[in-house]
Amino acid sequence: AKHLHEPDKFKGLLDVISHRHVALYVTQDLYSIIYDNFMHSMTQVLGGNFTSDMVTAWSDAFIWLCKMCIENEAALAKAYEKRQGGWAGERKFKLVGKRKIAETTIQFDFSPVDLLPWHQNAEDGGIYFDPGQYLTIRIPGTGLSPRHYTVTSLPGQNVLQCVSRLVPNGAVSSYMHEEFLIGDRCLLTVPCGLFTPYPKSDMVMISAGIGITPMYAFLNTVERKYIKGILHFDQSAERMAFRDAIEGATDLDTKIIFTGDERFAEQKDIETETNVLAIRAGIDADYYVCGPLPFMDVVKKTLQSHGIKNVFCHHFGTGTEPMCPFRR
């Protein structure tokens, strides 16, 4: 609240919220519901301490913040609609490809149902997005909430591809793995997200588990000379997605650590390998980190101990990672 008159102070957070809201197709009319629930919650929590002056101040502040979000999201949605192959809101797609690429991990290919001119041939332009961005899928009639998945196909193709790892008791991943069939329909929003590489900047990728997906997208699109190192942790070779692609990058400084059992990597192992890579790659590179929150916390602290400032973290879910800085 103290930064309301200094919007630049929270521009990074506002951008993250805007990308997530566009991905979830949050429309302007929903903000009245958000406002009502926020004010009700404040009343419930503070009770008699929520004075009339505080009500007015918080109401004005929250309305101002909503206005900022609405304007930012409208501009982002319009820009992405105008992007090559872009669209507004949710669009109908069908599942045209489904194959297992690792233990408990399946790759899905989606093609738009409405065959627009740009879709007729990939050479016509296809669907453009920034490497590392995610698609958002909703499957009507299932009652399941939307889910975000990193796009693993190349920009400019006429399909969108993502990878899903089966989550124990996970409603959406279970449905997609077991019941979602070729030809079935779903709704996708335009790819969004800020976990994307800077042009012509040295970069290092550190990931764990299914956090390999944005790194795979980077590997396929970033010029090799800018990739200064790849470090990945997984339980086994059978469980690792895109193992052949990572192992095949013999021209790069690449290392894969398999823990060999159900436990995850020990903190000391993560610290040791991160230290070695940081020394080789240097403090001026951009470091991209994706994996479980405890893993990213260890990596981030280890990198910071070397004086590395450009550390960008990304985890899957409906939130964003608060531990790492927003984009420069």
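For the structure I just gave you, tell me whether THR274 is surrounded by 14 or more Cβ atoms within 10 Å (Cβ to Cβ), out of contact with any strand residue (DSSP E or B) (no Cβ under 9 Å at 6 or more places or on another chain), closer than 30 Å to LYS11 by Cβ and modelled with pLDDT of 95 or more. Working first, answer last.
Details: surrounded by 14 or more Cβ atoms within 10 Å (Cβ to Cβ): yes; out of contact with any strand residue (DSSP E or B) (no Cβ under 9 Å at 6 or more places or on another chain): no; closer than 30 Å to LYS11 by Cβ: yes; modelled with pLDDT of 95 or more: yes.
Spelling it out, it is not the case that THR274 is surrounded by 14 or more Cβ atoms within 10 Å (Cβ to Cβ), out of contact with any strand residue (DSSP E or B) (no Cβ under 9 Å at 6 or more places or on another chain), closer than 30 Å to LYS11 by Cβ and modelled with pLDDT of 95 or more.
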Of all the residues that make up segment 175-185, how many are open to solvent by less than 50 Å² (accessible area, probe 1.4 Å) and without any contact (Cβ under 8 Å) to a residue 24 or more places away in the chain?
-> 0
Being assigned to a helix (DSSP H, G or I), of a type in the set (A, V, I, L, M), in contact (Cβ under 8 Å) with a residue 60 or more places away in the chain and surrounded by 13 or more Cβ atoms within 10 Å (Cβ to Cβ), is that true of even one residue in segment 22-30?
-> yes
Of the residues in segment 286-302, those that are closer than 24 Å to ALA241 by Cβ and outside any strand (DSSP E or B) number 10
Within segment 296-303, identify whether any single residue is open to solvent by less than 40 Å² (accessible area, probe 1.4 Å) and closer than 20 Å to TYR216 by Cα, and answer yes or no.
-> yes
Would you mind stating whether PHE233 is touching a residue at least 60 places away in the same chain (Cβ under 8 Å), buried (at least 20 other Cβ atoms within 10 Å of the Cβ), on the phi < 0 side of the Ramachandran plot and not hydroxyl-bearing (Ser, Thr, Tyr)?
-> yes
Only one residue in GLU81, GLU73 is in a helix (DSSP H, G or I), touching a Ser or Thr at 6+ places or on another chain (Cβ under 7 Å) and either of a type in the set (D, E, K, R) or open to solvent by 60 Å² or more (accessible area, probe 1.4 Å) (or both). Which one?
-> GLU73
Working carefully through the options LEU188, LEU154, LEU160, find the one that is in contact (Cβ under 8 Å) with a residue 40 or more places away in the chain, open to solvent by 50 Å² or more (accessible area, probe 1.4 Å) and either hydrophobic (A, V, I, L, M, F, W, C) or in contact with a helix residue (DSSP H, G or I) (Cβ under 9 Å, 6 or more places away or on another chain) (or both).
-> LEU154
Return yes or no: is ALA102 modelled with pLDDT of 95 or more, touching a helix residue (DSSP H, G or I) at 6+ places or on another chain (Cβ under 8 Å) and either closer than 30 Å to MET240 by Cβ or buried (at least 17 other Cβ atoms within 10 Å of the Cβ) (or both)?
-> yes
Is it fair to say ILE246 is touching a residue at least 24 places away in the same chain (Cβ under 8 Å), buried (at least 17 other Cβ atoms within 10 Å of the Cβ) and hydrophobic (A, V, I, L, M, F, W, C)?
-> yes
Write out, first by first residue and then by second, each pair whose Cβ atoms fall under 8 Å of each other, whose residues are 6+ apart or on separate chains, and whose first residue, in segment 69-92, is among the aromatic types (Phe, Trp, Tyr) while the second is open to solvent by 60 Å² or more (accessible area, probe 1.4 Å).
-> TRP87/GLU81
Segment 192-218 - residue that is out of contact with any helix residue (DSSP H, G or I) (no Cβ under 7 Å at 6 or more places or on another chain) and surrounded by fewer than 23 Cβ atoms within 10 Å (Cβ to Cβ) and, of those, farthest from LEU166 (Cα to Cα) | PRO199
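The values are calculated or read from the model by the stated rules, or taken from the named source; none is laboratory data. Not measured: the values here are computed from a predicted model. Quick reminder, even Gly has a Cβ in these numbers, built from the backbone with ideal geometry, and neighbours come from all protein chains shown. Keep in mind that these areas ignore ligands, DNA and RNA; they rest on the heavy atoms of the full protein, side chains included. Shrake-Rupley method; radii C 1.70, N 1.55, O 1.52, S 1.80 Å.
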